[in-house]
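These notes concern the structure reproduced below.
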Amino acid sequence: MIQALQADITTLNVDAIVNAANGTLLGGGGVDGAIHQAAGPGLLEECRTLGGCETGDARLTMGYDLPARYVIHAVGPVWEGGRSGEPGLLVSCYRKSMEIALGRHFMSIAFPAISTGVYGYPVEPAARIAVEVVRDTLKASGKPMDVTFCCHSEGDLSIYKAVLNS
Ligand code: AR6
């Protein structure tokens, strides 16, 4: 039900992939750039209609040319040392994304390591939050869903595997 693997998230055939977006929802680098590139221009067109998104929140769009049917755009916090509410905002990202997925009865979802690239959140504490929120929300919902933590690097994968086993 919950797994970690190393892959390009744009290749995953799931109901929804999560994007590590910024507040404009108008694209950027990293996984955001890769998702927009693979989804095609329809994604940006839909994102323009959304009017942005607060940090810690998430928005749903279609997946366009992606194998994934939908994209959940979550806006993670920029790491500023950990005392500016970053953990709570990251918790909120995962929670809101899971609420959208559960509300739509998605059976499968894949998350990148939100905030741990350009935004600088250290991977291990971020992975702990990701795993804990997903486990808690799934348990509370009582619904089945396949959740994939999609890691870009081998190092991130080993951190996620260790967290999943702890
Ligand atoms: N598949 C899976 N993971 C990926 C991929 C991919 N194709 N590409 C990168 N990653 P980041 P953030 C990993 O920087 O830190 C953007 O410009 C990456 O190795 O994409 O939340 C947005 O527009 C890292 O582990 O997102 C925002 O401005 C993880 O995805 C800002 O970056 C997240 O790295 C958001 O920064």
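The values are calculated or read from the model by the stated rules, or taken from the named source; none is laboratory data. Fair warning: this is a prediction, and the values are worked out from it, not measured in the lab. Cβ atoms come from the backbone with ideal geometry, glycine included; neighbour counts cover every protein chain shown. Remember, those area values only see protein heavy atoms, side chains included, never the ligands or the DNA or RNA. Shrake-Rupley method; radii C 1.70, N 1.55, O 1.52, S 1.80 Å.
At a threshold of 8 angstrom on Cα-Cα distance, excluding pairs fewer than six apart, so keeping six or more, what relative contact order does the chain reach in percent?
Values: 326 pairs, mean separation 50.2, N = 166.
Worked out over the chain, it gives 30 percent.
To check you understand DSSP bridge types, tell me what percent of the beta bridges within the stretch 2-165 (both residues inside) are antiparallel, rounded to 5. If I count the DSSP bridges inside the stretch 2-165, around 25 percent turn out antiparallel. Farthest toward the positive end of the dipole of the chain, out of 25, 97, 38, is the Cα of 97, where the dipole comes from beta carbon charges about the Cα centre.
Which percent of the accessible area of the chain is formed by carbon and sulfur heavy atoms (probe 1.4 angstrom)? The partial results should precede the final answer.
Working: 3980 of 7740 Å².
After summing per-atom areas, the C and S share lands at 51 percent.
The modelled label-to-label distance between residue 2 and residue 128, using points 7 Å beyond Cα along the C-beta direction, is 1.4 nm.
Working note: Debye formula, equal point scatterers on the alpha-carbon atoms of the chain, no solvent; log10 I(q)/I(0) at q = 0.12, 0.18 Å⁻¹ is -0.45, -1.10.
Per residue, the chain exposes an accessible area of 47 Å² to a 1.4 Å probe, with every protein chain left in place. Ignoring aspartates and glutamates fewer than eight residues from residue 139 along the same chain, the ones with Cα atoms less than 19 angstrom from its Cα are 99. Electrostatic bookkeeping for residue 15 treats Lys and Arg as +1 and Asp and Glu as -1; over the other residues with beta carbon under 12 Å from its beta carbon, the sum is +1.
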